[in-house]
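**Student:** Quick one: this structure, given as structure tokens, is what I'll be asking you about.
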Amino acid sequence: MRPILLQGHERSLTQIKYNRDGDLLFSCSKDHVINVWYTHNGERLGTYDGHNGTVWTVDVDSESRFMVSGSADNQLRLWNVATGKCLYVWEFPTAVKRVAFSDDDKQVVCITEQRMGYQCTIRVFNISRIGDGTKQSKEPAHIFNPVGSKATVCAFTSQPNIIITGHESGKVALFNFKTGEEVESNERAHSDVVTDLQLSPDKTYCITSSKDKAARIHDTKTLDVIKTYTTETPLNSAAIAPNKPYVLLGGGQEAMSVTTTSLRQGKFETRFWHKVFEEEVGRVKGHFGPINTIAVHPKGVSYASGGEDGFVRVHHFDESYFKTQPYGDLHIED
């Protein structure tokens, strides 16, 4: 499984994202730049310039027409994917840490950080898809401050008006963004910061990763923990492989504490775990530092990882990956 190495960033990666078709991969990093790549050969298609700080987060709509990005320059930006033009800029008092499109592409949720006397705030904007997209409303359709610990990650669920959030204290919660009330919460989902949250293709469950060295699968309606994958290294990202019962975990010790240990000690591999049996089934090496973000192709034919070393590695799965029988001789119907 020879990886394609994407060298387009000068600093560590913060998030990578496939589009709905899986032919494009978006990557953002601490060097203020967002890149978009062809996934089949790793060729860079273009760059989105305009942010003036670390770009923390990026998401793309289902038609690959619009992209949103959030940055440490306190801006949420809307881009035209094809032309690279910035269509609209929303300004906030603090950094934007996470953005996500809704299923129907009509709304975007964003989390701004708790800093300098400002509370952590979640805003939902209505995105107008009329014309060229430059006419957006400046004010959010809904805005609220989550109670207690600040939110670090979020996504829209399949239930109307409900978003799921992961928090600094390790809790996972459901909020009604119209009223701002917490509908459901699991305070003990993790014992440390939730670093990533990715939904399953049908949105009935999600996977979270945390600095507490574990990844967990939760039911998105009840927030019950269904599965737990415990490792010996802090985790920064977790993804669900479609069509196969695997989850992919990535992390590693902080770069500061690694310098004294060898590469092997740092545990900078992408780790494959069996989703159902909770057993580790494989590892893929390659990064020279912690893995910060992992994304899996929507059809499950490849995956990509972005590291502290500034590289994105795209792995197309070998034939043997598709031929393996994860349940032995048992055949499970999808």
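The values are calculated or read from the model by the stated rules, or taken from the named source; none is laboratory data. What you see is a predicted model; the values in this text were computed from it and never measured. No Cβ is skipped: glycine too gets one built from the backbone with ideal geometry, and neighbour counts run over all protein chains shown. The accessibility values were calculated without ligands, DNA or RNA, using every heavy atom of the protein model including side chains. Shrake-Rupley method; radii C 1.70, N 1.55, O 1.52, S 1.80 Å.
**Student:** Going by what's in this entry, would Asp219 be described as touching a strand residue (DSSP E or B) at 6+ places or on another chain (Cβ under 6 Å), free of Cβ contacts under 8 Å to residues at least 24 places away in the same chain and either within 23 Å of Ser185 (Cβ to Cβ) or open to solvent by less than 50 Å² (accessible area, probe 1.4 Å) (or both)?
**Tutor:** Yes, satisfied.
**Student:** Is one or more of the residues making up segment 56-73 open to solvent by 10 Å² or more (accessible area, probe 1.4 Å), over 29 Å from Lys299 (Cα atoms) and of a type outside the set (S, T, N, Q)?
**Tutor:** Yes, segment 56-73 contains at least one residue that is open to solvent by 10 Å² or more (accessible area, probe 1.4 Å), over 29 Å from Lys299 (Cα atoms) and of a type outside the set (S, T, N, Q).
**Student:** Any chance you could count how many residues in segment 160-182 are in a strand (DSSP E or B) and crowded, with 16+ Cβ neighbours inside 10 Å?
**Tutor:** 12
**Student:** Here's a follow-up. Return yes or no: is Glu43 without any contact (Cβ under 8 Å) to a residue 24 or more places away in the chain and surrounded by fewer than 21 Cβ atoms within 10 Å (Cβ to Cβ)?
**Tutor:** Details: without any contact (Cβ under 8 Å) to a residue 24 or more places away in the chain: yes; surrounded by fewer than 21 Cβ atoms within 10 Å (Cβ to Cβ): yes.
It is true that Glu43 is without any contact (Cβ under 8 Å) to a residue 24 or more places away in the chain and surrounded by fewer than 21 Cβ atoms within 10 Å (Cβ to Cβ).
**Student:** I've got another one for you. Does Ser12 satisfy being surrounded by 15 or more Cβ atoms within 10 Å (Cβ to Cβ), touching a residue at least 24 places away in the same chain (Cβ under 8 Å) and touching a helix residue (DSSP H, G or I) at 6+ places or on another chain (Cβ under 9 Å)? Before the answer, list the steps.
**Tutor:** Numbers: surrounded by 15 or more Cβ atoms within 10 Å (Cβ to Cβ): yes; touching a residue at least 24 places away in the same chain (Cβ under 8 Å): yes; touching a helix residue (DSSP H, G or I) at 6+ places or on another chain (Cβ under 9 Å): yes.
Taking the combined requirement at face value, the residue satisfies it.
**Student:** List the strands (runs of 3 or more DSSP E) that sit entirely inside segment 1-74 and contain at least 1 residues that are of a type in the set (Phe, Trp, Tyr).
**Tutor:** Because the criterion is at least 1 residues that are of a type in the set (Phe, Trp, Tyr), the strands (runs of 3 or more DSSP E) in segment 1-74 that meet it are 13-18, 24-29, 34-38, 44-48, 55-60, 66-71.
**Student:** Restricting attention to segment 83-116, which residues are over 22 Å from Gly166 (Cα atoms) and either among the β-branched types (Val, Ile, Thr) or under 15 Å from the mean Cα position of the chain (by Cα) (or both)?
**Tutor:** Correct list: Thr83, Val89.
**Student:** Among (1) farther than 23 Å from Ile34 by Cα; (2) surrounded by 14 or more Cβ atoms within 10 Å (Cβ to Cβ); (3) out of contact with any Ser or Thr (no Cβ under 8 Å at 6 or more places or on another chain), there is one condition Leu78 misses while meeting the rest; what is its number?
**Tutor:** With respect to (1) farther than 23 Å from Ile34 by Cα; (2) surrounded by 14 or more Cβ atoms within 10 Å (Cβ to Cβ); (3) out of contact with any Ser or Thr (no Cβ under 8 Å at 6 or more places or on another chain), Leu78 is out only on (1).
**Student:** Can you name the residue in segment 83-99 that is touching a Phe, Trp or Tyr at 6+ places or on another chain (Cβ under 6 Å) and under 16 Å from Thr57 (Cα atoms) and is also least open to solvent (accessible area, probe 1.4 Å) among such residues?
**Tutor:** First pass over segment 83-99, keeping only residues touching a Phe, Trp or Tyr at 6+ places or on another chain (Cβ under 6 Å): 84, 86, 93-94, 97.
Cutting the leftovers down to under 16 Å from Thr57 (Cα atoms) gives us 86, 94, 97.
Values: Cys86: 41, Thr94: 5, Lys97: 58 Å².
Of everything passing the filter in segment 83-99, Thr94 is least open to solvent (accessible area, probe 1.4 Å).
**Student:** Based on this model, can you work out whether Ala189 counts as buried (at least 22 other Cβ atoms within 10 Å of the Cβ), more than 17 Å from the chain's Cα centre (by Cα) and among the hydrophobic types (A, V, I, L, M, F, W, C)?
**Tutor:** Yes; evaluated as a whole, the condition is true for this residue.
**Student:** Residue check: is Ser185 in a strand (DSSP E or B) and not aliphatic (A, V, I, L, M)? I'd like the intermediate steps shown before the answer.
**Tutor:** Numbers: in a strand (DSSP E or B): yes; not aliphatic (A, V, I, L, M): yes.
Yes, satisfied.
**Student:** Return the pairs, sorted by first residue and then second, in which the second residue is open to solvent by less than 20 Å² (accessible area, probe 1.4 Å) and modelled with pLDDT under 95, the first residue lies in segment 279-295 and is more than 20 Å from Lys244 (Cβ to Cβ) and aromatic (Phe, Trp, Tyr), the beta carbons are less than 9 Å apart, and the residues are 6+ apart or on different chains.
**Tutor:** Taking only residues 6 or more apart or on different chains, the pairs are Phe288/Gly266; Phe288/Phe268; Phe288/Gly307.
**Student:** Here's a follow-up. Pick from segment 269-314 the residues that are part of a strand (DSSP E or B) and among the aromatic types (Phe, Trp, Tyr): which of them is surrounded by the fewest Cβ atoms within 10 Å (Cβ to Cβ)? Walk me through it before giving the result.
**Tutor:** First pass over segment 269-314, keeping only residues part of a strand (DSSP E or B): 270-274, 280-284, 291-296, 302-307, 312-314.
This time we only want the ones that are among the aromatic types (Phe, Trp, Tyr), so: 272-273, 303.
Details: Phe272: 20, Trp273: 22, Tyr303: 26.
Step by step, filter segment 269-314, then rank; the result is Phe272.
**Student:** From Gln107, Gln136, Gln119, which residue is over 27 Å from Asn35 (Cβ atoms) and either touching a residue at least 24 places away in the same chain (Cβ under 8 Å) or buried (at least 16 other Cβ atoms within 10 Å of the Cβ) (or both)?
**Tutor:** Gln119
**Student:** When you go through Asp202, Asp196 one by one, which is the residue that is out of contact with any Asp or Glu (no Cβ under 9 Å at 6 or more places or on another chain), open to solvent by less than 20 Å² (accessible area, probe 1.4 Å) and acidic (Asp, Glu)?
**Tutor:** Only one candidate qualifies: Asp196.
**Student:** Next question. If you scan segment 228-246, which residues turn out to be farther than 28 Å from Glu319 by Cβ and either free of Cβ contacts under 8 Å to residues at least 12 places away in the same chain or open to solvent by 50 Å² or more (accessible area, probe 1.4 Å) (or both)?
**Tutor:** Thr230, Glu232
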